[in-house]
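The values are calculated or read from the model by the stated rules, or taken from the named source; none is laboratory data. Source: prediction; values computed, not measured. FYI the Cβ positions are ideal-geometry reconstructions off the backbone, even for glycines, and counts take in every protein chain you see.
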Amino acid sequence: MPKEVVRKQEVESMRAADADRHKIAEQLKAALDEGRLSLIEYDERVRDAYAARTYGDLVLLVDDLPQAGVSAEEVNARRLAEERKAARKLPTALMVLWTIYGSIAAINVVVWILVAITVEAVYPWPIWLLVPGVALGATTIGVQNIKKRR
């Protein structure tokens, strides 16, 4: 088994302390105050919290509840923000191409500056790097537009 699974199982089987039970009870109280739990369900969960022996037993009681103070609007806003971020993210191939292009452009500009400092008149050859840069930019815009349509 992977180490994370083994560690999670180890933690969940560890004995819970009274302070841990009290924290879960406070979290359940906050959920009751926000209207996420009915009074009957709150009573059942608090009873189970104080009867819990392990962390695994406690986690099951609050697993379906968001953090206290988080509204449905905030959860939805976070989800939409994550979707927008994923939509803006470039595919790996384009990220590699932009990295290579940027590296080549930086090296060429540095070499041109060094040569221009030592020689009087030097043709600005790095300007020709704009051609593949524009092509890569157009490709990136095209890929992003295709991703938006999906």
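Test Glu83 against the criterion of being acidic (Asp, Glu) and either surrounded by 12 or more Cβ atoms within 10 Å (Cβ to Cβ) or touching a residue at least 12 places away in the same chain (Cβ under 8 Å) (or both), and give yes or no. Talk me through it step by step, then tell me what you get.
Working: acidic (Asp, Glu): yes; either surrounded by 12 or more Cβ atoms within 10 Å (Cβ to Cβ) or touching a residue at least 12 places away in the same chain (Cβ under 8 Å) (or both): no.
Answer is no for this residue.
Based on this model, can you work out whether Ile127 counts as loosely packed, with under 13 Cβ neighbours inside 10 Å, modelled with pLDDT under 90 and under 30 Å from Arg88 (Cβ atoms)? No: the conditions fail for Ile127. Taken as a whole, the condition of being surrounded by 14 or more Cβ atoms within 10 Å (Cβ to Cβ), of a type outside the set (A, V, I, L, M) and part of a loop (DSSP other than H, G, I, E, B) applies to Arg36. Filtering Leu80, Leu94 for residues that are under 30 Å from Val143 (Cβ atoms) and out of contact with any Ser or Thr (no Cβ under 8 Å at 6 or more places or on another chain) leaves a single hit, Leu80. Per the conditions (1) touching a residue at least 12 places away in the same chain (Cβ under 8 Å); (2) farther than 30 Å from Val11 by Cα, the sole criterion not satisfied by Ala138 is (1).
Considering each residue of region 46-57 in turn, none proves to be crowded, with 16+ Cβ neighbours inside 10 Å, modelled with pLDDT under 90 and within 28 Å of Glu73 (Cα to Cα). For region 103-114, a tally of residues being within 19 Å of Thr140 (Cα to Cα) and exposed (fewer than 12 other Cβ atoms within 10 Å of the Cβ) returns 1.
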